[in-house]
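Everything below concerns the one structure shown next.
The values are calculated or read from the model by the stated rules, or taken from the named source; none is laboratory data. Everything quoted here is computed from the prediction, not taken from an experiment. Reconstructed Cβ throughout: ideal geometry from the backbone, glycine too, with neighbour counts over all protein chains shown.
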Amino acid sequence: MSCERPRMRGPACRITKEGRAMHRSWSTLRARVFPDHWSLLFGQIAFYSFVVILLSGVVLTVFYEPSADHVVYDGPYAPLHGVPMSRALDSTMAITFEVRGGLLMRQVHHWATLIMMAAITLHLLRLFFTAGFRRPRRLNWLVVFGLLVVTLGAGLTGTSLPDDMASGTSLAVLDGVLQATPFIGSELSALLFGGPFPGDVIAWFYPLHVVVLPAVLVALFVIGAVLALKHKPAQPAGPGRTEDTVVGRPAIVAAVKSFGLFCFVTAVSLLMAATATINPVWLYGPADPANASAGVGPAWYLAFLDGSLRLAPGWEFVWWGRTFSLAVLLPVAACTLFLALVAVYPFLEERLTGDRRDHHLLERPRDNPTRTGIGVAGITFYGVLWAAAGADTMAVFFQLSVNSLLHVFQVLLILGPPAAFVITRRLCTGLQERNAGIVQHGIETGQVIRLPDGGYVEKHRPVDAVRRWQLIGASGENRAIPPTSDVKHDGAA
Ligand code: HEM
């Protein structure tokens with residue numbers, strides 16, 4: 001490409017070229033249209049809650065002491081006076097009761113974590129049920145899946161930092177799982193905890209939590225944004241929207257709206273932090289592996305892992321002089337397989353259906369009953385594991401036997417997903433047929449007219465273009481059911 005100023009040579013000429021390239025990408029961005037649909041906002045909500053987490057995390061880092069050394073508490077919270085605890089918990093207590101706005105920062109950090117996890121989960125579900133993962137967006141799916149897994153890691157390491165009873169209990173479970181790994185269990189546990197449990201896990205988790213995992217998250221968000229801008233935006237089907245024509249807002253309007261969303265996410269996190277207590281470490285007291293309470297459970301986003309451990313039968317066998325505990329291996333294998341299937345689903349679907357085309361129009365869940373059935377089966381599997389994590393609390397609340405409740409969950413875990421698949425598939429097909437019928441025969445008007453031969457028919461109004469899109473979407477035409485003789489369009493009777 002030639003330089004704008006022909007007599008100029010060397011770096012100045014290169015600057016001109018780079019400047020023109022920047023100008024071109026800026027113009028392309030300004031000319032871009034961004035689809036406007038509520039279901040497309042989850043990714044942005046995840047990013048904005050991450051910004052809130054980063055900002056509050058930096059404030060917490062100033063006062064938090066990542067040390068397992070023991071001190072005796074002598075702060076303003078009287079019920080814990082004289083109780084030995086780690087410096088980590090002592091500094092968390094100081095952030096809570098002595099640093100101005102400290103409790104607010106802790107709670108903002110924690111609530112924003114929950115919002116981020118929920119937003120990423122909903123984003124992934126939205127991508128799945130609308131087929132937003134098909135070519136050319138298969139990598140986007142992996143990026144969002146990566147965000148989910150890394151945020152789970154950040155949540156786990158973060159909740160371990162205060163070193164209170166709740167952190168200690170989840171670390172004890174983690175230690176049990178590691179120890180049960182055949183052949184290298186003890187070594188793995190010693191590596192993570194820096195010696196025999198509970199070791200000095202904070203020294204490990206702290207840099208992971210405040211530097212490594214946030215850096216990976218930043219990288220994933222950047223890759224996600226670059227990929228999203230590289231391709232034409234995916235949009236829900238609707239009037240005027242085709243694989244080539246995008247309907248939406250200009251970049252500047254979308255940017256202003258997005259800034260509004262950032263303010264909203266920040267305001268909601270602050271409001272929740274100011275009004276609802278979360279992780280009251282002063283009530284839990286210091287971590288003590290010998291003294292875990294039954295009521296202590298993991299954060300909701302880690303509950304499915306805990307539930308899987310509770311549902312596994314206590315089978316074990318001895319091989320090569322070693323004991324293999326299926327009570328741990330089975331749930332670890334099941335959860336790993338479940339997550340692996342989620343990660344590779346777009347590639348599996350492409351292979352099985354042979355659909356390698358690029359898609360820029362999103363589908364509705366009912367447009368693909370098999371995929372939607374698989375999705376609901378997956379949610380049922382996850383949901384049963386999730387609910388099983390609260391089996392002890394449910395048993396106490398409803399005065400039931402915890403063992404009977406676990407047996408019910410075991411049965412549900414096996415029978416629930418296939419049943420959910422069949423029911424969902426049938427529902428989707430039924431919805432498709434009903435909608436195709438309305439498009440075919442028109443909308444009922446309630447006016448019944450008598451025919452010359454003495455028969456009666458109801459008058460039907462034709463469906464307009466917008467309603468037609470709403471009813472059968474982009475791919476519905478092929479599935480229209482044949483007309484029946486008892487109904488006719490308006491005027492055709
Ligand atoms: C997505 C990324 C992150 C997630 C999901 C996350 C999550 C959490 C959670 C759930 C806690 C426990 C809060 C509580 O006490 O109730 C925590 C603690 C903490 N986080 Fe993060 N965090 C993230 C990033 C960061 C970053 C980037 C920093 C620092 C720059 C940071 C610094 C801290 C500190 C110092 C604590 C201990 C203080 C305390 O618990 O009060 N976090 N984090």
Criterion (in a helix (DSSP H, G or I) and in contact (Cβ under 8 Å) with a residue 24 or more places away in the chain) met by exactly one of LEU329, LEU283, LEU352
LEU329
Among the residues of region 89-111, the number that are of a type in the set (A, V, I, L, M, F, W, C) and within 8 Å of the ligand (Cβ to nearest atom) is 2
Looking at region 205-229, which of the residues that are more than 14 Å from the ligand (Cβ to nearest atom) and without any contact (Cβ under 8 Å) to a residue 60 or more places away in the chain is nearest to LEU41 (Cα to Cα)?
ALA225
For region 113-169, enumerate the residues that are of a type in the set (Gly, Ala, Ser) and either surrounded by 22 or more Cβ atoms within 10 Å (Cβ to Cβ) or near the ligand (Cβ under 8 Å from one of its atoms) (or both).
ALA119, ALA131, GLY132, ALA154, GLY155, GLY158, SER160, ALA166, SER167, GLY168
How many residues does region 54-86 hold that are more than 12 Å from the ligand (Cβ to nearest atom), without any contact (Cβ under 8 Å) to a residue 24 or more places away in the chain and part of a helix (DSSP H, G or I)?
1
Quick one: how many residues across region 92-138 are in a loop (DSSP other than H, G, I, E, B) and over 25 Å from the mean Cα position of the chain (by Cα)?
4
Take VAL463 and decide whether it is touching a strand residue (DSSP E or B) at 6+ places or on another chain (Cβ under 8 Å) and modelled with pLDDT of 80 or more.
yes
Among all residue pairs at least 6 apart or on different chains, which show Cβ distances below 6 Å where the first residue, located in region 361-373, is assigned to a loop (DSSP other than H, G, I, E, B) and the second is crowded, with 21+ Cβ neighbours inside 10 Å?
GLU363/THR130; GLU363/ALA131; ARG364/GLY473
